[in-house]
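What follows is one structure encoded as structure tokens, with my remarks underneath.
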């Protein structure tokens, strides 16, 4: 369930949004002003903030940045309140929720903030075996390492484990280790004391303390810096954390789940991941197979996403035509469930008629998957000359070719930085640095997927 902080009064339309969120499983906290909201975020934290546009959200967002508090904030107001909404968006607000609130939009935001809070949708035997193994260890206290390619649903499985554990009544706190720079990640994990760094005007609990009595998911753990890995190992072993600038450790009672798309054993052999931390996390390993290895899940998931996005966009629910289902079943899905979700979301918006037909399903065929030869166009042996696409690069600077490759790959991944970095064989940090460099040169960068609604927003 998502931890939701409401900034504003519960007496009006924002209160209606809060009640809708609570009815959908969110736990609520209330702050009547920006200083109260900041205090709560320093303490118990939140997965999502819904904030009335009437408050000084620019000040709050500036304080969150100065104190290294990473939490998505959604500004709420009527469409007529354009100016304060735009100021908040420019200052770093993640999204805008029009009032009066739409129940399906509230649900979509909560699902995104809580990592899609539904139970896994499973029919394929390969995935059923994973859930059976998960059921064996759900009630244990042991750390679990969840592995699998990007987009397979590792956080969904982590929340499934928490919901079936003895800690289900406690908090579930997730942190994407690849999404934050090292300095911010350390503060997010362990918290800080007043004066620990410039801007730290008050003490703040980190994710370990926020998850006390519950479960902490460390997503993309393979991207963590080696120095932080050492501090993380100590926190797990001693069951205590040292806040930045602190003088004494703080005891915590947390179950650790970790997720990665990397081979951590190979990373440890290469010296890029601590072997002792790997063994500490890998008490039990759950590997989620890629979607191409569990074809029995493709159509059930597609039908589920079609219903979800029809409701979220106020459109009639349409079934998938037989030809559309055949196209989905035949696709290799290199982006896994995330790619399938994006494809169906697009199809729901583009479909016309009673069913979602194949013309509404836009799929990208990976470069290493060649089209099958037909009788009219028989296959030919590969040419032993430099392809035109490569010949066209001759004479261009390497930096230009690299830039175009990164931006083209990012565009084909619908702005998904993690997936594009994986395809290119570079780290997410390198990807972020390159994109910042391009923006500094005035070069347009494909927008990133909005983590709250699935739409595209400016980076």
How about the range 195-238: which of its residues are more than 27 Å from the chain's Cα centre (by Cα) and within 26 Å of residue 139 (Cβ to Cβ)?
-> 237, 238
Among the candidates 368, 297, which residue alone is within 24 Å of residue 412 (Cβ to Cβ) and at pLDDT below 90?
-> 368
Residue that is surrounded by 21 or more Cβ atoms within 10 Å (Cβ to Cβ) and either touching a residue at least 40 places away in the same chain (Cβ under 8 Å) or touching a strand residue (DSSP E or B) at 6+ places or on another chain (Cβ under 9 Å) (or both), where the choices are 282, 336 = 336
Scanning the range 249-267 for residues that are over 23 Å from the mean Cα position of the chain (by Cα) and either surrounded by fewer than 17 Cβ atoms within 10 Å (Cβ to Cβ) or not assigned by TED's automatic domain parsing to the domain that holds residue 220 (or both), the one farthest from residue 173 (Cα to Cα) turns out to be 266
Scope the range 25-53; condition surrounded by fewer than 18 Cβ atoms within 10 Å (Cβ to Cβ), in a loop (DSSP other than H, G, I, E, B) and at pLDDT below 90; matching residues | 25, 32, 44
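Each row is one residue, and each column tells you yes or no for (1) touching a strand residue (DSSP E or B) at 6+ places or on another chain (Cβ under 7 Å); (2) outside any helix (DSSP H, G or I); (3) modelled with pLDDT of 75 or more.
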{"position": "96", "(1), (2), (3)": "yes, yes, yes"}
{"position": "111", "(1), (2), (3)": "no, no, no"}
{"position": "118", "(1), (2), (3)": "no, yes, no"}
{"position": "123", "(1), (2), (3)": "no, yes, yes"}
{"position": "132", "(1), (2), (3)": "no, no, yes"}
Residue that is in contact with a helix residue (DSSP H, G or I) (Cβ under 8 Å, 6 or more places away or on another chain), modelled with pLDDT of 90 or more and more than 14 Å from residue 43 (Cβ to Cβ), where the choices are 144, 173 = 144
Do we have residue 66 as more than 17 Å from residue 4 (Cβ to Cβ) and either surrounded by 16 or more Cβ atoms within 10 Å (Cβ to Cβ) or at pLDDT 80 or above (or both) here?
-> yes
So residue 61, is it assigned by TED's automatic domain parsing to the domain that holds residue 7, assigned to a helix (DSSP H, G or I) and closer than 24 Å to residue 199 by Cβ = yes
Determine whether residue 397 is surrounded by fewer than 17 Cβ atoms within 10 Å (Cβ to Cβ), at pLDDT below 80 and within 26 Å of the chain's Cα centre (by Cα).
-> no
What are the residues in the range 1-24 that are surrounded by fewer than 21 Cβ atoms within 10 Å (Cβ to Cβ), assigned to a loop (DSSP other than H, G, I, E, B) and touching a helix residue (DSSP H, G or I) at 6+ places or on another chain (Cβ under 9 Å), if any?
-> 1, 9, 10, 24
Is it the case that residue 5 is closer than 18 Å to residue 96 by Cα and either at pLDDT 90 or above or in the same structural domain as residue 214 (by TED's automatic domain parsing) (or both)?
-> yes
Could you tell me whether residue 274 is modelled with pLDDT of 95 or more and out of contact with any strand residue (DSSP E or B) (no Cβ under 9 Å at 6 or more places or on another chain)?
-> yes
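For every residue, the table says whether it meets (1) surrounded by 23 or more Cβ atoms within 10 Å (Cβ to Cβ); (2) within 26 Å of residue 149 (Cβ to Cβ); (3) touching a helix residue (DSSP H, G or I) at 6+ places or on another chain (Cβ under 7 Å).
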site: 204; (1), (2), (3): yes, no, yes
site: 212; (1), (2), (3): no, no, no
site: 220; (1), (2), (3): no, yes, no
site: 246; (1), (2), (3): no, no, no
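The values are calculated or read from the model by the stated rules, or taken from the named source; none is laboratory data. Since this is a predicted model, take the numbers as computed values, not measurements. Backbone-built Cβ (ideal geometry, glycine too); neighbour counts: all protein chains shown.
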